[in-house]
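Q: Below you'll find the structure I mean.
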Amino acid sequence: MGASHVRSGKLDNTIVLWSATYVDDGYGNLVPQETEFATLRAQIIEESTDEFMRNYGASTERLKIFRTRFIDGVYVSMTVIHNGVTYNLKQIKEIGRRRGLELRCVAVGA
């Protein structure tokens, strides 16, 4: 079995993808509203915490890479929820020809 296959037995975590849509608030203003896009089974490929030196001092980033089955319509503007933690989606890599996705995420407020 090649590296391009997503084995269902390894999809032992659940993630929820959220997307922001803009709705009229009744006063003619468009305001963002988070809506659930999909609930997916996923495998954690990598989990790390990195420290970076910034202009304002040191900061840490909690990185997670999830592998999941392919789903159309996933964009980096979406957020990922896993075990109650919200992650910004930073990069999406397609595995094979529509076999799966690798989602590189950074925790919000980390």
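The values are calculated or read from the model by the stated rules, or taken from the named source; none is laboratory data. Here the structure is a predicted model, which is why all the values come from computation and not from measurement. No Cβ is skipped: glycine too gets one built from the backbone with ideal geometry, and neighbour counts run over all protein chains shown.
Q: Can you pull out the residues in the stretch 66-110 that are surrounded by 12 or more Cβ atoms within 10 Å (Cβ to Cβ) and of a type in the set (Asp, Glu)?
A: Of everything in the stretch 66-110, those that are surrounded by 12 or more Cβ atoms within 10 Å (Cβ to Cβ) and of a type in the set (Asp, Glu) turn out to be Glu94, Glu102.
Q: Could you list, ordered by first residue, the pairs with Cβ atoms under 6 Å in which the first is in the stretch 56-68 and closer than 20 Å to Asp12 by Cβ and the second is modelled with pLDDT under 75 and not basic (Lys, Arg), at least 6 apart or interchain?
A: Hits for this filter: Arg62/Thr49; Arg62/Ala110.
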